[in-house]
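Notes follow the structure.
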Amino acid sequence: MPRIPMRRLIILAWLILITFSLTAAKPPDPPDDRLPVDPPRPPIVAAWIQRNRGVSGPLSVIIAPRINAYHELSPHSYTIERDGSLTTNVPVADAVLMDFARLNGIKIIPTVSSGWENAPRVYQILRDPKLRAAHLNAILKIARLPNVDGIDLDYENFPPESQTLFTEFVTALADALHRDGKILSVTVPPKISDNDPCVLCRFADYHALGLVADRIRIMGYEYRGNSGGPGAIAPVWWLRQVAKYAITQIPRGRVQLAIHLYGYDWGGKETPALWWNEVIALKEKWGGEIRAAANDPRGIVGESVMTYARPSAALRCSRHDPDCVPPGRERHTVYFVDARYVAAVWEIISDYKLGGIVLWRPGGEDPAIWNVFKNE
């Protein structure tokens, strides 16, 4: 056997030592096999549809002007009864919408919603095996209609201890829908971490639901509700945190980021929700001033702000009453969504390669938002 020169042995030993040291100091990242990898596809533009104020006739009236922008529509068409069955709210309007969507190549994925106040009753349905089975069959009956492509499940205000039960129900529903070639979408509250302090978010196990559902629609709004002082309803920097966390738990192509198209008007006795067109009407009536919300240290806020003043409704004076003091001016602040905000959210969807966007809900939105999606 030939002898290896000492110098070569020393060099070889050093190479082995260096290689071992580097490997020990920084081991390669193990492959993440928790999340399946779905084939890439363009992002989806979807919307929840409800009858809006001032819109008469079928729900298709709301979507007709922008019919070419949508890929999926989810009408809130059904009410959950105490026995787990479903009743159709406006059967004729829903039938027209389904036919209209089908003719235009749009998927119909109706939403079955617990509603906020009805949630305890729906939770009791899931806890009762007999009622749960009846409810599952009622949903499948709707999903199997020829003009229906799947079901969107929107259960909210469930207690944290319902997580396992809810996951089991969604899993059973997913299995049945997939056997029929139908889509399952699950709407969930927003979270930004495993230990998010939001108590009402804990029933939604992102990882478990993301493994069985085709769409996970995250409600990216109400970061600030209308019960406090004026402020952004869903700042863009927060939505970015929501998206960044979601893709650690859910295959990114299944994540649909849902955004609001409404605003809140602070300043009066109540804080009503307003559509964009109502904000503009107030601007014209009272000479309101609109500006972009200032960014804060956490990042882009994105929403727009309007300030205006109107006569206080506290006292109405008669011109014949010399002792009546005219009312003062009531100052209002409105945070609302326009096309600039939607474009900033669309950038998040592009950056994280999410499955799409869901709009809550069209009917009085800034018409310029549709330019954001026109090339998709």
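Yes/no matrix, rows are residues, columns are (1) at pLDDT 95 or above; (2) surrounded by fewer than 19 Cβ atoms within 10 Å (Cβ to Cβ):
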| site | (1), (2) |
| --- | --- |
| 88 | no, yes |
| 91 | no, yes |
| 106 | yes, no |
| 118 | no, yes |
| 146 | no, yes |
| 161 | yes, yes |
| 170 | yes, no |
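Which is in a helix (DSSP H, G or I) and at pLDDT 95 or above, of 133, 95? Going through 133, 95 in turn, just one is in a helix (DSSP H, G or I) and at pLDDT 95 or above: 133. Could you check the range 65-86 and list, in sequence order, the residues that are surrounded by fewer than 14 Cβ atoms within 10 Å (Cβ to Cβ) and outside any loop (DSSP other than H, G, I, E, B)? The answer is 65, 68. A residue that is touching a Gly at 6+ places or on another chain (Cβ under 6 Å), in contact (Cβ under 8 Å) with a residue 24 or more places away in the chain and either farther than 27 Å from residue 41 by Cα or of a type in the set (Lys, Arg) (or both) can be found somewhere in the range 246-261. When 235, 230, 190 are screened for being farther than 25 Å from residue 126 by Cα, buried (at least 23 other Cβ atoms within 10 Å of the Cβ) and of a type outside the set (Gly, Ala, Ser), only 235 passes.
Here residue 201 clears all of (1) closer than 21 Å to residue 47 by Cα; (2) under 18 Å from the mean Cα position of the chain (by Cα) except the condition numbered (1). Taking every residue in the range 156-177 that is in a loop (DSSP other than H, G, I, E, B) and pairing it with any residue that is surrounded by fewer than 18 Cβ atoms within 10 Å (Cβ to Cβ), at least 6 positions away or on another chain, the pairs with Cβ-Cβ distances below 7 Å are 156/116; 157/116; 157/200. The set of residues from the range 241-269 being in a helix (DSSP H, G or I) and among the aliphatic types (A, V, I, L, M) comprises 242, 243, 246, 247. The set of residues from the range 51-64 being at pLDDT below 90 and surrounded by fewer than 17 Cβ atoms within 10 Å (Cβ to Cβ) comprises 52, 53, 54, 55, 56, 57.
Please work out if residue 141 is of a type outside the set (A, V, I, L, M), in contact with a Leu (Cβ under 9 Å, 6 or more places away or on another chain), in a helix (DSSP H, G or I) and modelled with pLDDT of 95 or more.
Yes; evaluated as a whole, the condition is true for this residue.
One residue alone among 245, 221 is in contact with a Ser or Thr (Cβ under 8 Å, 6 or more places away or on another chain), modelled with pLDDT of 95 or more and closer than 21 Å to residue 300 by Cβ, and that residue is 245.
A search for C-beta distances below 7 Å between a residue of the range 134-154 that is within 13 Å of residue 81 (Cβ to Cβ) and any residue that is at pLDDT 95 or above and charged (D, E, K, R), counting only pairs 6+ apart in sequence or on different chains, returns 134/83.
Here residue 279 meets each of (1) more than 18 Å from the chain's Cα centre (by Cα); (2) within 17 Å of residue 353 (Cα to Cα) with one exception, condition (2).
Among the residues of the range 270-302, those identified as without any contact (Cβ under 8 Å) to a residue 60 or more places away in the chain, within 21 Å of residue 365 (Cβ to Cβ) and part of a helix (DSSP H, G or I) are 279, 280, 281, 282, 283, 284, 285.
The number of residues in the range 207-240 being out of contact with any Gly (no Cβ under 9 Å at 6 or more places or on another chain), assigned to a helix (DSSP H, G or I) and farther than 15 Å from residue 156 by Cβ comes to 5. Given the conditions (1) in contact with a helix residue (DSSP H, G or I) (Cβ under 6 Å, 6 or more places away or on another chain); (2) surrounded by fewer than 17 Cβ atoms within 10 Å (Cβ to Cβ), and given that residue 243 satisfies all but one, which numbered condition is not satisfied? Single failed check for residue 243: (2). Identify all residues within the range 339-360 that are surrounded by fewer than 22 Cβ atoms within 10 Å (Cβ to Cβ) and assigned to a loop (DSSP other than H, G, I, E, B); write none if there are none. Correct list: 353 only. Taking the range 246-268 as the range and being surrounded by fewer than 18 Cβ atoms within 10 Å (Cβ to Cβ) and hydroxyl-bearing (Ser, Thr, Tyr) as the test, only 248 passes.
The values are calculated or read from the model by the stated rules, or taken from the named source; none is laboratory data. What you see is a predicted model; the values in this text were computed from it and never measured. Note: ideal-geometry Cβ built from the backbone for every residue, glycine included; neighbour counts use all protein chains shown.
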